[in-house]
Each structure stands twice: as structure tokens, then as C-alpha cells.
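Report on the following structure.
The values are calculated or read from the model by the stated rules, or taken from the named source; none is laboratory data. Treat the numbers as computed from the prediction; the structure is a model and nothing was measured. Neighbour counts are summed over all protein chains in view; Cβ atoms, including those assigned to glycine, are modelled from backbone coordinates with ideal geometry. Side chains included, ligands, DNA and RNA excluded: accessible areas come from the protein's heavy atoms. Shrake-Rupley method; radii C 1.70, N 1.55, O 1.52, S 1.80 Å.
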Amino acid sequence: MGKNSVLKSALSKLALFMLVLFSVQNAFAADWYAKDVRQQGHDPTMMRTEDGYILMSTNNDLSMWTSEDMVKWTSKGKALSNSSGWDKWLHQAVGGKHDGIWAPDIFQMDDQYGIFYCGSVFGKRTSAIGLATNFGMSFSNPSAGWTDKGEIVRTTNSNNYNAIDADVVKTKEGDYWMTFGSWNAGGIRLVKLDSKTGKQASDDKTNYMIATRNGSGIEGPSLIEHGGQYFLFTAWDVCCKQGNEIEQTTYKTAMGRADKVNGTYVDRSGKELNKGGGTILMERYSRYVGPGGGEAFKDLNRIRFVHHYYDLTGDKYNHIHIRDVVFTDDNWPEMGQPFLGRYLSAEAEHGVMTRAVSGDLAYTYTDGASNGEYVAYINTAGSKIHLPMNIPQAGEYLLRYRYANGGTGAATHGVSVNGKEQVVNLPPTGAWGTFPEKSVVMIPATLKRGGNFIDIRPIPNNEFSELDRIDFLRIVRDTLPGNGFDNGIKVHLNENDELVMKDGGWALFENVIADSLVGTKVSVQVKNASGGKLSIRTGSKNGSVTYECDLSSAKSNGENAANGWSEVECTGAVPLKGLQDVFLTVSGNSNELAVGNVKFADPAAAVSSSSAMPNLNSSSAEVVTSSAVTPESSATAIGAVNAASLAKNYFVYKTPRGFTVRFNKPGNYSVFVLNSLGQVVRSQTGRFEGELELLNLPQGRNFVKVLQK
């Protein structure tokens, strides 16, 4: 490909990028701000059904709540009344009045649902775990239909372990096991269950010890399987001191991994959990005291961890957080963000902090920041913010990086995505501690499906920057894969990793940048259609229909479809544009509909058209850069780059550290550097500055694009 062809291709891709950039700068002005829900609860358990989430917690006699979105919770009554017999047998088992029902675990075992609950006398080992079952639990009335089955296991003061804090896991072989235990030298225990009765299995009566701290605080175990391995989460140290005693709470969450459900569990350093090992995943930070007492559970397309914490700057009592568990490539878990209403967003204060000096990476509180807090003093080399994120769809993204720089010059951050770092310049925003829509930069990144890890470090110069939040904006050029959804109702992933939707169901795709899409030609790949409609909506599950797809056409040509897939043409008058939340909804289809790719018109034709360019003054230049730049006494114009080949209001100069764009006419400019593949490798935005400097360019043939707003 000749130089002119490469430049033309690069600038065509930049045209799409610029459409994206200017459409998202002011998008979601009302939606980016997050705030904790502060749902109350202690030692929570959660279960995902096709209709939403069911939540239970300690000391409310098996009360239940439901939610479709993990934000708004509705009380649904109690699973057992005192007349059902559980209270009587539990009193007898513990030798007197117990201190309420603690730490329930709700779980599905084959064709029935179970609630494993426990009671104890505080400070003693006279404890028991019981079971209630339900063969027809409904999401609309989940507290109805439960039958108490009595005792599963009990302990007395003669035991060196405690029968509380039950949690059930299903193995890859289809067996069920229950872990439990609290403090004491006997530590965390494990027994096999009969899937029909929920009682201890007859083929294995062993009571396994799988973790201990030799009498130091360890409790609240939870087990989950992922990638053929088993992960044990436990809570360490002192719990439950709240209100005026909150500073006494030292609760934290630790973890270990095993190849078999009954062990041996080891932490990331290789130390056995039966010998005091455990990798700390969460402990006190910012205003979040005692994050622990949690349970891992499987959601539609990820594993989550629900736990309680105590709010130091709020009421100082217990509240619920629901986090993603983010797995590394070698299958170790890290704790992701608590869910605050958006799936593809990261609050800086919830990252893992590494501080080079005391006082660096300071938590700062203000109503002007998302979630009421941000990270200040990102100042010292060696300090780092680490953000694990689950991303359901692989591909190109923009990281909307919301920051504040009250200085007079640009600050510099190193932003690493899965080990690949970009140097990001952060121009002055005019104030510290405030984060309006204009206080963002866009960072291009390629993300993979599953666990992604973002690391932020200061690159010290004479200026500094504060960080509030990062949003992950997905660029859709021609295809939206069905299995890349963020969440939904009456949907799931089948054994072939395909999105399956039931009648009345919806699937959400957050933060879709649609400006690369052209025309109105849209089709959807489907299987098992039986009529009805698949609609593509924006804004909400009940939002306006942008495209509508008649599934009856798939039914008629299904015999000729490749591998069972049919491609259904959709109708719509106006193409998707801007930054949108996109929803797929299904109505009138009696089968479980499999949805493959949503396919949009090929944008190639529009890329070469001048109509794809924004209505902005622009010009370009080729710049060859190398790792070694010969020092020069002053900046010099680059090769053929002069007033004859560029717009007359700016010039490009090579400098010892990179190059400078100097403006003869004041204005708002954006400068982009693209490599020969059309990828943006550096960008800088100026607000009436006389010049912009772009540094640390990669080697090779690069192209400069200047746009005036």
C-alpha cells in the first residue's frame, strides 16, 4: 500500500473516531453520577433467577427481598413462620433460646430450592444448621411454599468447630457440598450432601477441615467453582462492631484455591489454608469498614460476591455491596467494583491502592464527585491504582477518564490496560475536586472478554491530577454479539455460549458508541424462532424501538439456515447514533430464542466519503518518529510540513522529545497522532493554548491530524 493510501485509510478511521469523540463528550450528563444504594443487611446471601435477584441476611427470621437491577429492592416477607416448627427444634438443639437466625444460604439443588439457616448462643459452640426446602419457589412471591426439614448438623462446646455460616456449592461432577464454621481451632468444615434430601450424604460421612487460623478469627466461608477449580472465601478477624464501636471492626475477606472441592486449599503464595494461609482480597479502605461476611454466587455471565460493610461517614451501620469477582488469566480471583447502577464503570476510590509514600492516593469526599468521593494526591512515582473489571464483550473501547487538574499545565498519567501502557496527558480543567462533563479525556483501548486489569500511575512532572471515575465505552462498527450483554431478565447463556431469550425478556448492552454505524440495514441471527418480534431499543427496556425484527421470517426459512441459524432482516428508519444503552427485547415468541450477532451495514463505503467527516476545519501531516531524536537547539518544522501543505493557522515542529503543534490563531483544537494502521496513539486537546506538545511517540510512520472545534 502506498503512502497516500495508508494516509487515506488512517484518516478515514480517524473520521470515525472523531465522530465518536464529539458525540460522547456530552453524553449521559445525568447518568454518570453514582451513589451507594445502602441496602441494609448482614452476612448476606443472594441467588440469581431468570427474573432477578433474591437477597436474604442475618437476624430477620429468613426475610427475603427481590430486585431486577440490584438497586431497587422490594420486601417479600419471611420464608418460615414460627408455627412451622423450626423455632422449636432449634431451641432444643442449642439448649435454650438462640440469638436469632444467622447467615442463611439460599441455593438451588437439582429440582428444589433450599435455605440453609443456623442458630446459636452468642459466644458458644452450641449451634445448629437447619434446612427448609421449596419445589416451586416463584420470584414474585419467594417466601411462600417453604417446608422446614429440621437439623442438618449441630455442635456443642465439646466440638472445636462451630455449626454456623453454611454455604453450599455444586461441583463440576454434579455433587453438592456444604461448608461451615466459625473461629475456633477446628476452623472451616466441609461435608457432602444428598441432593434429594439436603442432609449429609451416606456415601461420604467425613467432616473435612479445609481452613484454620488455629483459633484466630476465621468464619463465614463461601465456595464457588470456576474454570474447574474451587475457591474458598472466608472472613477474618473481628466483626460486627458498629455505631460508636465501629473502629473496633477489623473484618476482612481472604481467599484460597484448590483443584478438588475437599482441598487442599492454598493462597496465591502457595501457603495452605489449613496452615493459616489466605490471600487478602478486601479490607478496610476509605469509608468502607469491615468488608466481609460474604458469599460468591453465579450470575448470568459472571461470578459475583455479596458482602456487608459498615459506612464510616454515614450511619456507621451495616450495608450491602455486590461486586464482580474478576479472574486473572491463570484463574486467580480479584475483587472488582461494587455495583452502583452501571456495569461498565469504575470508581477510582474502589481500586486497590499501592502508595509509595504516606498521604499519596488520598480518599477525598465531595458532592461534586461520582459516589461522593474521588482519589487525590496521585503524585509520587511508585504509587498505583489497580482496577479489576469484567468486560462481557471483547473489542475496541474508549475509556472516558474523568479527572480534575487545577494547575496551569498538563499532568501526565500512565494508564495500563492488561499490561500495555499509554501515556495520557491531562490538560488543566480550571479547578480541583470538581468533575463536570468537560473534565474528561478519551483513551482508546482494546479489551478482552472477561477479566481486564487497569493500572494507573502518576508520571511526575510539575503538574498533578485527581481521578474520579472511568467509564468503558464500546465502539460498535458492524456487529453487536448477543453473548456480550451486560445483564438482563429472562435471558441466559446456554452451553454453547449463546444468548438465549424467553418471551418478555430483555438484554442490556451498556455504553454503545454507534457513530461508526451507517444506514438503516440491520439483521439478527436467531435460532428456535416461533414468531413474534425482536426489538432493538435505546435508553431502557421500554425505550423507543429503533429497529424491529419479524421472527416469523426466521421460522419460515429455518430449514435452510446454516447450523440452525437464520438471519432475520430488521426494519427501522433512523440509524443508531451517539452513545446509547441498547436493549434487545423479545415478544410473542413461545420458544427459547437463541440470538447470535446483531449485524449492521458495512461502514466501509461511508468511511471513504466526505460525509463521514465532522463539520470541522481539519488538516493532516505525516511525521516519522524514532526512538532516538537528535537534540536541536530550537524546534524546527518537519520536512514538507509548512504553510503550503497545512492550514495556515498552525505549524508542526519536531522537538528533542517529540513534536509541537503551534497555533497562529486562537481556538479550541484537538490534535491526534495515528500510526500506519489508523490507530490513535496520542491525543491532546487545547483550549486557546498557543501550542500543544505531544511526547513519547512510538517509533515508525505516524500521521498528525488537527481538528478545530
Selection status of residue 514, in contact with a strand residue (DSSP E or B) (Cβ under 8 Å, 6 or more places away or on another chain), modelled with pLDDT of 95 or more and either within 18 Å of residue 570 (Cβ to Cβ) or open to solvent by 10 Å² or more (accessible area, probe 1.4 Å) (or both) | no
Segment 692-709, subset within 13 Å of residue 425 (Cβ to Cβ) and open to solvent by 50 Å² or more (accessible area, probe 1.4 Å), residue modelled with the highest pLDDT | 693
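Table: residues versus (1) closer than 17 Å to residue 345 by Cβ; (2) of a type in the set (Ser, Thr, Tyr); (3) in contact with a Pro (Cβ under 9 Å, 6 or more places away or on another chain); (4) crowded, with 22+ Cβ neighbours inside 10 Å.
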position	(1), (2), (3), (4)
437	yes, no, no, no
462	no, no, no, no
478	no, no, yes, no
503	no, no, no, no
529	no, no, no, yes
Selection status of residue 403, in a strand (DSSP E or B) and either among the aromatic types (Phe, Trp, Tyr) or open to solvent by 20 Å² or more (accessible area, probe 1.4 Å) (or both) | yes
Residue check, residue 467 touching a strand residue (DSSP E or B) at 6+ places or on another chain (Cβ under 7 Å), in a loop (DSSP other than H, G, I, E, B), touching a residue at least 40 places away in the same chain (Cβ under 8 Å) and surrounded by 21 or more Cβ atoms within 10 Å (Cβ to Cβ) | no
Residue that is closer than 21 Å to residue 64 by Cα, at pLDDT 95 or above and among the acidic types (Asp, Glu), where the choices are 87, 105, 99 = 105
If you scan segment 62-85, which residues turn out to be over 18 Å from residue 338 (Cα atoms), open to solvent by 50 Å² or more (accessible area, probe 1.4 Å) and either in a loop (DSSP other than H, G, I, E, B) or of a type in the set (D, E, K, R) (or both)?
-> 76, 78, 81
Only one of 483, 496 is surrounded by fewer than 21 Cβ atoms within 10 Å (Cβ to Cβ) and in a loop (DSSP other than H, G, I, E, B), namely 496
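At pLDDT below 95 and within 31 Å of the chain's Cα centre (by Cα): which single residue out of 182, 120 fits that description?
182
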Hey, among 423, 415, which residue is surrounded by 18 or more Cβ atoms within 10 Å (Cβ to Cβ) and either out of contact with any Ser or Thr (no Cβ under 9 Å at 6 or more places or on another chain) or among the β-branched types (Val, Ile, Thr) (or both)?
-> 415
Quick one: which residue in 257, 268 is in a strand (DSSP E or B), farther than 29 Å from residue 72 by Cα and open to solvent by 10 Å² or more (accessible area, probe 1.4 Å)?
-> 257
